[in-house]
Amino acid sequence: MSSILPTRLGEDPLAITTRSLNKRYGKIAALIDVDLQVPEGAVYVLVGPNGAGKTTLLKILLDLVRADSGEAEVFGLSSRSDGPAVRARIGYVPEGAGWGYGWMRVGRVLEHHSTYYPTWDTEYAERLANAFDLGMDQKVGKLSKGEARRVHLVMALAHRPPVLLLDEPTDGLDPVMRDETLGLLADHLAETGATMLISTHLVHETERLADHIGVIRGGELQAQLNVDDLRRGLRRYRAEVPTGWTGSPTLNGSVLRRQNASNEIQWTIWGDEGDVLAQLKGSGATVREAAAVSLEDAALAMLSRKE
Amino acid sequence: MTTEASYPRVTWQTVAREQASAVGVSLRREGALMLGALVLLTVLFTVALVRHQSDGNGPVSLNLDPSILFPVVILGFLVPLSVWKGEDPSRREYHWAMPIPRSSHAILKVIFGWSWYMAAVAGVLIWAGLIAIATGGDLGIGGTDGVPLWRWIVPFAAATIAYLLGSMVALGSEHPWAWYAGVVIGFFLLAGTAAAANLPWLLDILGAIRNGPFGLETAITGEIPIPREVTTSWGEVRTMLVGVPALTPWIGAALLWLGLAVSGVLAIAFRHRER
């Protein structure tokens, strides 16, 4: 699908890059020519429905899954041939609960994990463990999904990696712990300036952190852009239209989402606000409001765009 | 940007120390079970000996023999399942995600599993030695009447072969038990088919794999089967295959199976290497 939305970022130095990444599982295409660009120090939220290819993309960056073709790099190092060096720089929170050794106790698994990372900050790990209220004597395999997720977050953050790959990091957490987690991630960013790639379908949770967004659907990266550009370029327009109004043909390609409400129509449209307003007025519509959209609404609009 | 040169990486020494400890923790339950079994056996021996003597019989002495270690050698096929517990290939992402080369990391884990297992084999040997000493039995070391020294190496080599063959299964398969069952059932099915269909060449091949000069049984027991005339308890004289210790065939068989097992472990471990 050709995209009216930007799929390439500017010239900022990139922490994570993929080029023409393709991956198939049998007949199913998990990734199709994905060119991901995550700038250094960015919080990049990768949005997509379940099965869109988000987890596969993250796993390819760690070389846990091998792409059929294409390149994946972290700080210019190939995920495939420089795997150990790449993985040393990454803190990873996986999607599932099966991470670490189920037969180890939480305290022992953190100790085990810490030995692999010379940058492990014991004091910080203790602070995180207290904030997450971790029981150190519990067996990892007996933890609930939320408890396991908290352990994974400590494992990912405590070595203060320059890159964090977080796959649904708040999945399974209760609202209070979710808020705590997002606060800790914000603190982590402020302290370390790390690059964060967050895969999620709960965009509203990451709205306060995100500065870049990527939209992936059916294995294709359909958009990636700076959140400021998104807020400037993607607006919601509410207008009254006369009976029998046939629309503005020149706008059709830029309309991401359309909702009808009585005699009003609401569009989410990508493009320069002045141009869009002029075209709507020119087609006979009376524009009542042109407003910015939340990141979640923007993601929803981008994901619900019909081909 | 963090460059390759400037970013701190863990040393192999640190990883090795941690792997030794972590594998030890993973085998703690099995170790405790083995210790419990030895305590139970000691109690049973003691009770049996006391009863034997209280019945007016003379003292009984238990001699130390390498064959005492055979059950522990067989356990070698299963020990790798404990070393890699919860980590069949599809659930090994945590291990693969560590910031060191994967193949070497896997091999390191195999080595430390082997080290703990060898310690257990030695532990059982010491226990058997203590039982022999306590009962006034023969330790069977050296001398013209004793067990030749090389036969004490056999259980350790056999345990290593069993452990490495088991490691191939644990490292490479999602369903190790299906492999074990498949190999045993497949072997007997083939043997049965060969006998029923009168296929001597197939029987010869299966026999060679099992207890031929280079067979697995030869490698594990240090003995080769020799036809001998044996008088049965009811007085009948029959020709039977009797295991006779034989150094040269054992060396050949042990080296062959060790080579196969080491090659298998390396091949499987290097499937996931960085390229």
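Each row is one residue, and each column tells you yes or no for (1) in contact with a Ser or Thr (Cβ under 7 Å, 6 or more places away or on another chain); (2) at pLDDT 95 or above.
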site	(1), (2)
A:4	yes, no
A:10	no, no
A:15	yes, yes
A:24	no, yes
A:32	no, yes
A:38	yes, yes
A:61	yes, yes
A:65	yes, no
Using the structure shown, decide if residue B:36 is without any contact (Cβ under 8 Å) to a residue 12 or more places away in the chain, more than 11 Å from every other protein chain (Cβ to nearest Cβ) and surrounded by fewer than 16 Cβ atoms within 10 Å (Cβ to Cβ).
yes
Output the residues belonging to segment A:66-107 that are over 19 Å from the mean Cα position of the chain (by Cα), in a loop (DSSP other than H, G, I, E, B) and under 16 Å from residue B:92 (Cα atoms).
A:66, A:97, A:98, A:99, A:100, A:101, A:102, A:103, A:104
Could you list all residues from segment A:113-129 that are away from chain B (no Cβ under 14 Å) and more than 27 Å from the chain's Cα centre (by Cα)?
A:122, A:123, A:126
Restricted to segment B:53-76 and to residues being in a loop (DSSP other than H, G, I, E, B) and surrounded by 20 or more Cβ atoms within 10 Å (Cβ to Cβ), the residue nearest to the chain's Cα centre (by Cα) is B:76
When you go through B:50, B:43, B:10, B:15 one by one, which is the residue that is assigned to a helix (DSSP H, G or I), modelled with pLDDT of 85 or more, more than 22 Å from the chain's Cα centre (by Cα) and at the interface with chain A (Cβ under 10 Å from one of its Cβ atoms)?
B:15
Do we find that residue A:40 is in contact (Cβ under 8 Å) with a residue 40 or more places away in the chain and surrounded by fewer than 21 Cβ atoms within 10 Å (Cβ to Cβ) in this structure?
yes
Can we say residue A:74 is surrounded by 18 or more Cβ atoms within 10 Å (Cβ to Cβ), touching an Asp or Glu at 6+ places or on another chain (Cβ under 9 Å) and farther than 22 Å from residue B:272 by Cβ?
no
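Condition check ((1) in a helix (DSSP H, G or I); (2) within 15 Å of residue A:168 (Cα to Cα); (3) not acidic (Asp, Glu)) across all residues:
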site	(1), (2), (3)
A:189	yes, no, yes
A:198	no, yes, yes
A:209	no, yes, yes
A:216	no, yes, yes
A:222	no, no, yes
A:225	no, no, yes
A:230	yes, no, yes
A:245	no, no, yes
Quick test of your reading of the structure: residue A:32 fulfils all but one of (1) assigned to a strand (DSSP E or B); (2) touching a helix residue (DSSP H, G or I) at 6+ places or on another chain (Cβ under 6 Å); (3) surrounded by fewer than 21 Cβ atoms within 10 Å (Cβ to Cβ); (4) β-branched (Val, Ile, Thr). Name the failing condition by number.
(2)
Per-region count, segment A:87-108, residues among the hydrophobic types (A, V, I, L, M, F, W, C), crowded, with 21+ Cβ neighbours inside 10 Å and more than 9 Å from every other protein chain (Cβ to nearest Cβ):
2
Can you find even one residue in segment A:70-78 that is more than 22 Å from residue A:173 (Cβ to Cβ), within 9 Å of chain B (Cβ to nearest Cβ) and of a type in the set (Phe, Trp, Tyr)?
yes
Going by the conditions given, is residue A:227 under 30 Å from residue A:75 (Cβ atoms), of a type outside the set (Ser, Thr, Tyr), in contact with a helix residue (DSSP H, G or I) (Cβ under 6 Å, 6 or more places away or on another chain) and surrounded by 15 or more Cβ atoms within 10 Å (Cβ to Cβ)?
no
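The values are calculated or read from the model by the stated rules, or taken from the named source; none is laboratory data. What you see is a predicted model, and the numbers here were worked out from it, not measured in a lab. All Cβ positions, even for glycine, are placed from backbone atoms using ideal geometry, and neighbour counts span all protein chains on display.
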